[in-house]
Structures are given as C-alpha cells and as structure tokens.
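First the structure, in the form of structure tokens, and then the observations on it.
The values are calculated or read from the model by the stated rules, or taken from the named source; none is laboratory data. Quick caveat: nothing in here was measured; it's all calculated off a predicted structure. Glycine gets a Cβ as well: all are built from the backbone with ideal geometry, and neighbour counts include every protein chain shown.
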Amino acid sequence: MLARIRKLSPYLWPSTSRRLQLHVFICVLIVIAGRILQPLLPLSLGQVVRALTRSQGTGVGSSVWPPFIAYFAIRVTVTGSGVLSYVRQRLWIPVAQYSDREMMMLCFNHLLNLSLAYHTKRNTGEVLKVIDRGSAINNLFDVVLFTAVPTVFDIAIAFGVFYYLYGGILAGMTFIVMGLYLLLSVTATQRRAVTRRQLMERDVKQRGIISDVLTNWESVKYFTAEQRESVRFREAVVSYQETEARWQIDYQLLYLEQTFLLALGLLSGSLFISYRVMHGTADAAEFIVYIQYFQQLSAPLDRLGFLYSQLNRNSIDAEKLFALLGEVTEINDKPDAKDLVVTDGVVEFDNVRFSYDGKVPALKGVSFKIDKGQSMALVGESGSGKSTVLRLLYRFYDIDSGVIRIDGQDISQVTQLSLRRAIGIVPQDSVLWNDTIGANISYGKEGAEDEEIIVAAQAARLHERILGFNEGYSTIVGERGVRLSGGEKQRVSLARMFLKSPAILVSETHAV
C-alpha cells in the first residue's frame with residue numbers, strides 16, 4: 001500500500017501550487033498548537049475547581065475568574081469544532097479539492113489512454129464504482145496528517161502526563177489498557193478484511209447490473225426480460241446486504257469490546273485516585289483532572305483504532321483502483337515517433353498477420369494497396385477479419401508481423417494522434433452523445449462554426465430533416481442517440497465525418 005501511495009504522492013501533494021503548500025504548512029502549525037494546548041485543558045479545569053474550593057463560603061470570587069476564563073478560552077480553541085479546527089478546515093478545503101481533481105484526472109486520462117483490448121472487456125458500471133470507491137485515497141493525506149500523526153502525539157503526551165502526575169503504578173495500568181485496546185483493534189480489523197473484500201466485490205457487481213440494464217434497455221424490452229433482470233438485481237442486492245450486515249455486526253461488537261476495556265481502565269484508575277483522596281494524599285480536583293485526562297487519552301485511542309480500520313478499509317477499497325491504474329497501455333507512441341504526413345493517402349497492407357489472443361489468427365498474411373482516389377470494399381462472412389483490418393488501420397492494436405503504410409510511412413512509427421486525425425470512419429453502429437444534433441455533428445471538428453455544421457449536414461442530406469424538428473439543430477438526441485432513427489444516426493455520423501474532412505475515409509457496413 002505504501003509503495004502504491006508513493007507513486008500517487010504527486011497527485012495528493014499540491015506540488016504545482018506554492019499557495020496550497022503554504023496552506024498545508026499553516027495547517028501543520030495549527031495541529032502542533034493544538035497538541036500543545038490540549039494537555040492544558042484538564043489542568044486549567046483543575047485550577048478552576050481549586051479556586052472554587054478556596055472561595056467556598058467566603059463570598060470572594062475574584063481569584064476564580066483567571067482560571068475560569070483560561071479554561072473556557074482553551075476549550076473554545078482546541079475542542080473538536082473549535083477555532084483551530086475551523087481555521088484548519090477552511091484552509092484545507094482547496095488542498096483537498098486539488099487532490100480530488102488530480103486523482104479524477106489521473107483515472108480519467110488513464111481510461112482514455114487504455115487500449116481497445118481493455119475497453120472491449122470492461123463493464124462500465126463496475127469501472128465507475130471502482131473509481132468511486134478508490135476516491136478514498138484522496139482523503140489519505142488528510143487522515144495521515146490530521147488524524148494519525150496528532151493521535152500518536154496525543155497518546156505519547158497523555159502517557160507522559162500520567163506518569164508525571166500519578167507515578168508509575170497508574171501509568172503502568174494505563175499502558176496495559178492501551179496495549180490491549182490497540183491489539184484488539186488490529187486483530188479485529190484484520191479479521192474483517194475478508195468480509196470487506198466480499199462487500200466491495202458485491203457492491204461493484206450490483207452497480208454493473210444497473211449499468212448493463214440501462215445501456216441495453218431496448219434489448220431487455222425486445223426479449224421481455226424485465227422480470228429476469230429484476231430477479232438478478234434483487235439477488236445482487238440481497239447478497240450485498242447480507243455481507244454488509246456481517247460487516248456492521250462485527251464493527252458494533254468491536255465497539256462494545258473497546259468500550260468495555262476503556263471502562264475497565266477508567267474504573268481501576270478512579271479507584272486508585274479515590275483511595276489517595278480518602279487518605280489525604282490528593283484533593284478532589286486531582287480526581288477531576290484524572291477523569292479529564294483519561295477521557296483525553298480515550299479519544300486518541302478511539303481515533304487510533306478507527307484510523308487503523310479506516311486505513312485498512314481504504315486500502316481494500318483502493319485495490320481495484322490500483323488494479324485499474326496498473327492496466328498497461330499496450331499501444332504507445334515510439335520515443336522518436338513523428339507526425340504522419342499525408343500527401344496522396346495511399347494505404348498499403350503488406351503481409352499483415354495478427355491474432356487477438358496469440359493463439360487463433362485473425363489475419364493471415366493480408367496484402368493490398370489502395371492508391372490515390374481509389375476505393376476498395378472488404379467483403380466476407382462474419383468473423384473473416386473485416387473489422388480487424390479497420391482496427392489495425394486505426395492502430396487500436398499492433399500487428400504481429402508485416403507492415404501497414406500510409407504514403408510509404410509505417411503507421412507504427414508515427415504518432416497515434418496524427419494517424420487518427422488523417423482517417424475518418426463512419427461506423428455501422430453510430431453511437432451519439434446525449435446532446436444536441438448540432439453538438440454531435442460538431443464533434444468532428446473542434447471549434448466548428450455554425451455555417452460549417454450546416455454545410456456538413458447538407459452534404460449528408462440531413463439538413464432538411466433537422467429543420468423539420470421543433471428545435472432544429474438544438475434537438476437533444478438522447479443517450480446513444482436513442483431519439484433518432486437508425487438512418488438518422490448514420491447520417492449524423494456521416495455529417496460529422498464530412499466536417500472532419502479526413503484524407504482517408506472508411507465506411508463500415510455489415511450485411512447479414
């Protein structure tokens with residue numbers, strides 16, 4: 001986990017902003033100030049009790065005000081929602097947003113750069129859920145800096161104060177309670193790791209079913225599979241809830257065990273201090289100070305146990321995100337790759353061989369050449385390799401042997417960006433964005449003017465049809481273009497390609 005976090009540290013630490021680094025530095029100073037002031041809170045309360053005891057029956061209370069004011073000033077400053085906490089959280093908001101933004105962009109760009117081989121086998125819903133769960137890493141910097149480190153200092157300081165004020169016996173008793181508490185937290189958390197992984201798996205599966213059904217809604221209706229999908233989703237939800245129940249019960253049991261340990265420690269220490277008060281070696285204020293200090297010790301102990309559980313949980317949740325980020329981008333530009341220079345648009349396949357899995361060949365020594373101004377049709381039965389040829393021309397995969405050239409340039413030696421800019425494809429299955437018709441056409445050319453969009457639509461014989469819609473070019477096409485007919489979606493794809501105006505045009509048509 002630490003090795004992986006180290007790789008992600010540039011996205012968690014605001015390395016590009018001096019202002020945000022200053023925010024982090026001030027937040028660290030606030031944490032240090034809180035650690036210094038925290039031990040003074042019980043002592044100042046003890047001074048208030050002693051001042052009240054001295055003033056009892058005298059009617060003179062002037063000596064009470066200084067410790068009284070000091071106690072409440074410290075309390076307002078260092079308590080959980082006090083002044084220091086407010087200032088720190090206010091300063092930390094842009095730092096946390098930086099980490100969130102960088103992690104989101106890391107995942108998004110990585111998904112965009114992954115090869116077609118990955119995207120043909122992924123489940124969109126599961127990927128989205130993995131990214132949601134993996135966002136727990138974004139809080140890691142916050143947790144470590146403002147929970148883990150201060151908690152360790154709080155425990156060390158509290159233990160030192162115990163030893164200084166009450167001697168080795170009470171400090172030893174407290175140390176035993178601390179040790180048992182931490183041991184219980186660690187073993188219980190490790191025991192629940194298996195359940196957490198099952199919970200994560202079933203949550204991801206549940207999201208995947210929803211994504212599948214929404215994406216293939218028409219297919220569900222075509223085959224009257226509503227009941228079938230409902231049953232499948234219900235089974236996934238029940239399976240998730242059963243695992244979640246085990247997880248929650250284990251947590252509540254751990255809280256009960258931790259509470260019992262702390263109560264046992266408080267009882268033993270209270271009896272020890274009570275004995276000293278009854279024998280005159282301590283006053284009542286010391287008993288109150290002890291109760292306050294033990295509560296201050298219980299709070300960081302509780303945080304430390306929760307922290308270990310949280311880090312363990314985040315680590316498990318992030319495993320799938322790390323697996324996603326570990327997916328290799330198979331198609332990469334060569335270090336010395338140059339931009340493709342298209343003059344005539346001559347396409348040549350020279351003895352090309354390719355296999356998707358390294359076992360069954362998809363292409364066996366394919367060779368052809370398309371000269372300037374020529375067209376060629378690939379005809380064959382399903383599975384004969386027609387789509388494979390187009391994918392290789394786009395360099396969605398690298399070939400096993402042979403060479404593919406455009407104007408004599410090996411496409412494996414040029415940049416993918418320049419290659420794909422030179423080629424336009426009108427796919428058989430036109431997938432559109434859930435946006436306007438105009439926006440879908442303009443996707444072919446960034447920053448296209450309205451006049452260019454209209455010219456492209458006219459070339460695709462779609463302009464008149466668009467004007468027949470109530471909202472014209474502002475008509476929303478729906479998700480994946482569901483509000484348009486199959487022919488209209490094809491013409492939108494064609495208009496988009498006219499707008500792109502590529503040097504090489506490919507049209508994909510399948511016959512049954």
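The number of residues in the range 100-128 being outside any loop (DSSP other than H, G, I, E, B) and out of contact with any Asp or Glu (no Cβ under 8 Å at 6 or more places or on another chain) comes to 19. Restricting L170, L214, L267, L183 to those that are in contact with a Gly (Cβ under 9 Å, 6 or more places away or on another chain) and loosely packed, with under 14 Cβ neighbours inside 10 Å reduces the list to L214.
In the range 483-500, what count of residues is obtained for those that are in a loop (DSSP other than H, G, I, E, B) and touching a residue at least 40 places away in the same chain (Cβ under 8 Å)? Talk me through it step by step, then tell me what you get.
Narrowing the range 483-500 to residues in a loop (DSSP other than H, G, I, E, B): 483-485.
Those left that are additionally touching a residue at least 40 places away in the same chain (Cβ under 8 Å): 484.
Residues in the range 483-500 being in a loop (DSSP other than H, G, I, E, B) and touching a residue at least 40 places away in the same chain (Cβ under 8 Å): 1 in total.
Need at least 1 residues that are farther than 30 Å from V204 by Cα and in contact with a Pro (Cβ under 8 Å, 6 or more places away or on another chain) per element, so show me which strands (runs of 3 or more DSSP E) inside the range 311-423 make the cut, counting only ones lying wholly within it.
Correct list: 347-355.
Take the conditions modelled with pLDDT of 80 or more, on the phi < 0 side of the Ramachandran plot and not aromatic (F, W, Y) and apply them to D333. Does it pass? Criteria met by D333. Only one entry in I454, I399, I441 is among the aliphatic types (A, V, I, L, M) and closer than 30 Å to V352 by Cα, namely I399. Determine if the range 446-460 includes at least one residue that is at pLDDT 85 or above, in the same structural domain as I504 (by TED's automatic domain parsing), closer than 23 Å to V482 by Cα and assigned to a loop (DSSP other than H, G, I, E, B). Looking through the range 446-460, at least one residue is at pLDDT 85 or above, in the same structural domain as I504 (by TED's automatic domain parsing), closer than 23 Å to V482 by Cα and assigned to a loop (DSSP other than H, G, I, E, B).
A single member of D410, D435, D357 is closer than 30 Å to V477 by Cβ and of a type in the set (D, E), and it is D435.
Within the bounds of the range 474-490, is there any residue that is within 30 Å of K364 (Cα to Cα) and among the small types (G, A, S)? Step through it out loud before you land on a result.
So in the range 474-490, the residues within 30 Å of K364 (Cα to Cα) come out as none.
Within the range 474-490, none of the residues are within 30 Å of K364 (Cα to Cα) and among the small types (G, A, S).
Screening G447 against (1) under 32 Å from the mean Cα position of the chain (by Cα); (2) surrounded by fewer than 15 Cβ atoms within 10 Å (Cβ to Cβ); (3) touching a residue at least 40 places away in the same chain (Cβ under 8 Å) leaves a single unmet condition, (3). Within the range 78-92, residues that are among the aliphatic types (A, V, I, L, M) have Cβ atoms under 6 Å from residues that are loosely packed, with under 15 Cβ neighbours inside 10 Å and assigned to a helix (DSSP H, G or I) in these pairs: L91/I26, counting only partners at least 6 apart in sequence or on another chain. Going through (1) over 30 Å from T53 (Cβ atoms); (2) surrounded by 13 or more Cβ atoms within 10 Å (Cβ to Cβ) one by one, F223 falls short only on (2).
Can you find a residue in the range 406-424 that is among the acidic types (D, E) and under 37 Å from the mean Cα position of the chain (by Cα)? Checking the range 406-424: not a single residue is among the acidic types (D, E) and under 37 Å from the mean Cα position of the chain (by Cα).
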